[in-house]
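Remarks on the structure that follows.
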Amino acid sequence: MKFSTKAIHIGEEPNYEENGEVISPIHLSTTFARRDPEKPTKGYEYTRTGNPTRDTLEKKLAALENAKFGLAFSSGLAAETTLLLSILKKGERILASDDLYGGTRRIFDRVLGNYGVTFKTKDFTADDIESEITKDTKVVWIETPSNPLLKVIDIRKIADICKKSGLILVVDNTFASPYFQNPLDLGADVVLHSTTKYINGHSDSLGGAIMLNDEQLFDKIKFNQNAIGAVLSPFDSYLVMRGLKTLEVRMERHEENAISIAKFLSEDDNVQEVLYPGLPENKFYSVAKKQMRGFGGMLSFYIDEKKKEPKDFLKKLKYFSLAESLGGIESLIEIPYYMTHASIPESERNKIGVTKNLIRVSVGIEDKDDLIEDFKNALT
Ligand SMILES: *Cc1c(COP(=O)(O)O)cnc(C)c1O
């Protein structure tokens, strides 16, 4: 089965025993009655532990990443926290790529940091990673393409290092979506998504997902999914299922639009540099080409502050809403320095290049001529 066939059909065979419905119903019941106190009716007891709508979604999520197992959570960060609490103990260390979603870094630093877990960030596209592995290092966490600098890390190379040292490699695959990249196929142990972004794709449901192949690790996370309780609701499970069925057609369009905008911006005098791995002149183009089937719909650029005040530019836009988040059908734009990445210490932001003139764009699936026209107007 190819991607869209899986997205549409896995877990949702027409129910001929009932009414023949072709989509999964939303099972809202929080509890499930049984006839025998020792045996749940069909394996279901209580919705936090297991719910038929969430189960169907989890099957689909696993299929999208060519994984054996999928788990759905109430947000991307809920998925991250549950995962980290399942694989780390006091005194252990996370080695992470330096360009991370702000909230991920906040968990490492201000949540797990209180429980004796340490972390270290490195530029996985430039630094020597092997020399950073200490005896306490347990988990390697990377985001590729990264947020907001669109750096692309060679997943297979890092997976080989992790295998040699017995480390768990987690890849946050939110930016690429499972349509453009499948990290498990490249040797990663765990893939993580904020389904809030491309997988749901319509900016109307907050959620997170974990996909993996290792059964022992799955059992631990599954236990904690119930024990901690940050599960995705049945209604959100339905929304995510509805969204992911069109992931392929949306991603194709997101990418087509992003390439056009990246090309347009790289020729504009007000723009210093465009960060988009799909431009052949981008330094990550070849590694992206090797491990991804497409370059995605996210791009960032540095506006030349001497020629154009970033805030004035943003004010003139009609179709790009100034908002956090990404991956929805509507175009969004933001300044990571003030918004998504404000929780990173200022010196660190400046050091890695998250400066006040860096603009991040989540290119939507509107008509690309309208989007380019909007940029043209705002830049003059
Ligand atoms: C949004 C995001 C998250 C966090 O997900 P939420 O659903 O907002 O909790 C994690 N990683 C990346 C790359 C994201 O963009």
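None of the figures in this text is laboratory data; all of them are computed from the coordinates on show. As the structure is a prediction and not an experimental result, all values here were calculated from the model. Positions of Cβ are generated from backbone atoms using ideal geometry, with glycine treated the same way; all protein chains shown enter the neighbour counts.
Nearest 500 deg cm²/dmol is fine: what mean residue ellipticity at 222 nm does the chain get from its DSSP H runs of n ≥ 4 alone, each adding -39,500 (n - 2.57), divided by its residue count? Could you put the intermediate results ahead of the total?
Details: 13 runs with 130 residues, N = 380.
Only helices count here, giving -10000 deg cm²/dmol.
Taking K and R as +1 and D and E as -1, what net charge do the other residues with C-beta under 14 Å from the C-beta of Asp369 add up to? Don't jump to the answer; show the numbers that get you there.
Values: positive: Arg253, Lys263, Lys318, Lys368, Lys376; negative: Glu256, Glu366, Asp367, Asp370, Glu373, Asp374.
Here the charged neighbours net out to -1.
Just to confirm a number: summing +1 for Lys and Arg and -1 for Asp and Glu over residues other than Val117 whose beta-carbon lies under 14 angstrom from that of Val117, what do you get?
Details: positive: Lys89, Lys90, Arg93, Arg105, Arg106, Arg110, Lys120, Lys138; negative: Glu80, Glu92, Asp109, Asp136.
Value of the local net charge: +4.
Please determine, in degrees from 0 to 90 and to the nearest 10, the orientation of helix 76-87 with respect to the longest principal axis defined by the Cα atoms of the chain, where the helix direction is its Cα long axis.
Tilt of helix 76-87: around 60 degrees.
Figure the gain on full extension for Ser343 and Arg34 (residue separation times 0.36 nm, minus the Cα-Cα span) and round it to one decimal in nm. Walk me through the numbers before you get to the answer.
Numbers: separation 309, 0.36 × 309 = 111.24 nm, distance 4.82 nm.
Once the chain is fully extended between Ser343 and Arg34, it gains 106.4 nm.
Compute the helix-to-body angle for 234-244: its Cα long axis versus the longest principal axis of the chain, expressed 0 to 90° and rounded to tens.
Helix 234-244 and the main axis of the chain meet at about 50 degrees.
Only counting other Cβ atoms within 10 Å, I'd like Asp160, Asp36 sorted with the fewest neighbours first.
Listed from fewest to most nearby Cβ atoms, that is Asp36, Asp160.
Using the 2.2 N^0.38 Å rule of thumb for compact globular proteins, work out how the chain stacks up: its C-alpha Rg over that value, please. Don't skip to the answer; put the middle values down first.
Working: Rg = 21.2 Å, N = 380, 2.2 N^0.38 = 21.0 Å.
Output field value: 1.01.
Taking the range 1-67, which chymotrypsin sites (Phe, Trp or Tyr not before Pro) meet the DSSP loop condition and have no more than 12 other C-beta atoms within 10 Å? Intermediate results must be reported in sequence, preceding the final value.
Numbers: sites: Phe3, Tyr16, Phe32, Tyr44, Tyr46; in loops: Tyr16, Phe32, Tyr44.
Taking the range 1-67 and a limit of 12 other Cβ atoms within 10 Å, the loop chymotrypsin sites (Phe, Trp or Tyr not before Pro) found are Tyr16.
Points 7 angstrom from Cα along the Cβ direction at Ile26 and Ser260: gap in nanometres?
Here the modelled spin labels are 3.4 nm apart.
Which ordering of Met292, Met211 is given by a fewest-first count of other beta-carbon atoms within 10 Å? Present the calculation step by step, with values, prior to reporting the outcome.
On the way: Met292 22, Met211 27.
Listed from fewest to most nearby Cβ atoms, that is Met292, Met211.
Could you point to the residue in His202, Ile161, Val171 farthest towards the positive end of the range 155-210's charge dipole, with +1 and -1 charges on the Cβ of Lys/Arg and Asp/Glu respectively?
Positive-most Cα among the choices belongs to Ile161.
Could you check what % of the DSSP bridge pairs in the chain are antiparallel, to the nearest 5? Write out the running numbers ahead of the final one.
Numbers: 25 of 44 bridges.
Antiparallel bridges make up about 55 percent of those DSSP assigns within the chain.
Grab the Cα-Cα distance for Glu324 and Asn19, subtract it from 0.36 nm times how many residues apart they are, and report the gain in nm with one decimal.
Details: separation 305, 0.36 × 305 = 109.80 nm, distance 4.17 nm.
Between Glu324 and Asn19, full extension yields an extra 105.6 nm.
Give me the distance in nm between label points sitting 7 Å out from Cα along the Cα-to-Cβ direction at Lys316 and Thr41, one decimal.
With each label placed 7 Å out from Cα toward Cβ, I get 6.2 nm.
Would you pull out the residues with amide H under 5 Å of Glu273's amide H, same chain only if 5 or more places away, H placed 1.01 Å from N?
For Glu273, the qualifying residues are Tyr302.
What order, most packed first, do the peptides 239-246, 266-273, 225-232 have when packing is the mean number of other Cβ atoms within 10 Å of each residue?
Output ranking for 239-246, 266-273, 225-232: 239-246, 225-232, 266-273.
Find how many whole Å separate the alpha carbon centroid of the range 325-345 from the alpha carbon centroid of the range 17-59.
Between the Cα centre of the range 17-59 and that of the range 325-345, the gap is 37 Å.
Considering only Leu83, Pro52, Thr30, whose Cα is most displaced toward the positive end of the charge dipole of the range 1-113, charges sitting on Cβ of Lys, Arg (+1) and Asp, Glu (-1)?
Leu83
By counting other Cβ atoms within 10 Å of each Cβ, how are His193, His202, His27 ranked from fewest to most? Numbers along the way, then the final one.
Details: His193 31, His202 15, His27 18.
By the 10 Å Cβ count, ascending, the order reads His202, His27, His193.
Mind running the shape call on the range 1-88? Use the C-alpha gyration tensor, a ≥ b ≥ c as the square roots of the eigenvalues: rounded below 1.5 for a/c, prolate if a/b tops b/c, oblate otherwise. Present the calculation step by step, with values, prior to reporting the outcome.
Working: a/c = 2.24, a/b = 1.07, b/c = 2.09.
Here the range 1-88 falls in the oblate category.
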